[in-house]
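One structure is given below, encoded as structure tokens.
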Amino acid sequence: MLKLTNVHKSFDKTEVLKGISLNVEKGSVTAIIGPSGAGKTTLLRCMNFLEKADSGTLDFDEFHLDLEKVSKKTMLEVRRKTAFVFQNYNLFANMPALQNVMEGLVTARKVSKAEAKDRALKALEKVGLKDKADFYPSSLSGGQQQRVGIARAIAVNPEVILFDEPTSALDPELTGEVLSVIKELAAEGTTMVIVTHEMSFARDTADKVIFMDKGVIVEEGSAAELFTNPKNARTRQFLKI
Ligand SMILES: Nc1ncnc2c1ncn2[C@@H]1O[C@H](COP(=O)(O)OP(=O)(O)OP(=O)(O)O)[C@@H](O)[C@H]1O
Ligand SMILES: [Mg+2]
């Protein structure tokens, strides 16, 4: 469904992604793990053009993009197939939960207000927050805010949801409620790529785990393979096996 080939990205003179290739199957959950600075966020951001890669290709359904010279129009079309869930939620502070979920539908995707409201309420219900639709982010807990972030992602009906450490800003109690929403989406066959430091969550939920370090994919495999029998010494060191 989504395939990256030989993606490179530098910031100034520092190469942060050094030829990344990966394949995301429809209906699968891919977890990306690795130490700080490995390039995990950058990779995720390059997948939906929040960041522009320097070179490489992206295949997404019928699209074949040369990332070096992709047009803005194509970029926007492909971005619409994705949704991004941010580490720090990125909600609009001046809008209640419902409007936060509706906003992207109405402005970027030109959905009518009535339909956007309907879809937003359904998405909020799915994450267990229908009763908080009128609450502003400041009146919601971190876990609830992140669930609004997930509702916003679900509402656009994307082909893939990209999560960048969705629980790293939360204490353990609130982490659980967010991870259970993600697990539910996984059980329904939602295609997801999740950067995470929650190893037990990755082990339980991911079909494929990718270990990144210093801008390369060091090792990838099924959760069972990677967590119980990693082949690479660096992976073993990271997992303390
Ligand atoms: N906008 C930017 N400008 C310059 N350098 C950047 C930028 N974004 C990321 N970097 C650098 O790229 C490298 C990879 O960063 P990235 O955020 O992708 O790592 P990460 O694996 O997500 O780390 P963490 O686990 O800490 O979130 C780091 O050295 C970082 O300083
Ligand atoms: Mg990161």
Seminar exercise, completed: Cβ-Cβ cut-off under 11 Å around Gly37, Lys and Arg +1, Asp and Glu -1: the net charge is +1
For this session: Quick one: grab the alpha carbon gyration tensor of the chain, order the square roots of its eigenvalues as a ≥ b ≥ c, and give me rounded if a/c is under 1.5, else prolate or oblate depending on whether a/b is larger than b/c.
Result: oblate
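Might you report the magnitude of the Cβ-based charge dipole of the chain about its Cα centre, with Lys and Arg at +1 and Asp and Glu at -1, to the nearest 20 debye?
On the way: 33 positive and 32 negative charges, 91 e Å.
Charge dipole, the chain, about its Cα centre: 440 debye, nearest 20.
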Exercise. Of Leu239, Gly176, Val70, whose Cα points farthest to the positive end of the dipole of the chain (charges on the beta-carbon: +1 Lys, Arg; -1 Asp, Glu; origin at the Cα centre)?
Worked result: Val70
Seminar exercise, completed: Row for the stretch 75-187, column shape: gyration tensor on C-alpha, a ≥ b ≥ c, rounded if a/c < 1.5 i.e. under 1.5, prolate if a/b over b/c, else oblate; value oblate
Exercise. Ranked from the most accessible area to the least, with a 1.4 Å probe and all protein chains present, what is the order of Glu225, Glu165?
Worked result: Glu225, Glu165
Problem set entry | For the chain, calculated [θ]222 nm from helices alone, where every DSSP H run of n ≥ 4 adds -39500 (n - 2.57) | -11000 deg cm²/dmol
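With a probe of 1.4 Å, find how much accessible area the chain has per residue, and write the answer as a whole number in Å².
Numbers: 11230 Å² over 241 residues.
Each residue of the chain exposes 47 Å² on average to a 1.4 Å probe.
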Seminar exercise, completed: Scoring only Lys, Arg, Asp and Glu (+1, +1, -1, -1) among other residues with Cβ under 14 Å from the Cβ of Phe227 yields -1
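Let me know the shape class of the stretch 94-141, please: from the alpha-carbon gyration tensor, a ≥ b ≥ c as square roots of the eigenvalues, rounded when a/c is under 1.5, otherwise prolate if a/b is greater than b/c, or oblate.
On the way: a/c = 2.61, a/b = 1.50, b/c = 1.74.
Verdict is oblate for the stretch 94-141.
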Exercise. With every protein chain present, what accessible area does Lys122 have (1.4 Å probe, heavy atoms only), rounded to the nearest 10 Å²?
Worked result: 120
Seminar exercise, completed: With R₀ set to 25 angstrom, the calculated FRET efficiency between the beta-carbons of Glu188 and Asp66, to the nearest 0.05, is 0.15
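The values are calculated or read from the model by the stated rules, or taken from the named source; none is laboratory data. Since the model is a prediction, treat every value here as computed from it, not as a measurement. Please note: Cβ atoms are built from the backbone with ideal geometry, for glycine as well, and neighbour counts cover all protein chains shown. All accessible areas refer to the heavy atoms of the entire protein, side chains included, with ligands and DNA or RNA removed. Shrake-Rupley method; radii C 1.70, N 1.55, O 1.52, S 1.80 Å.
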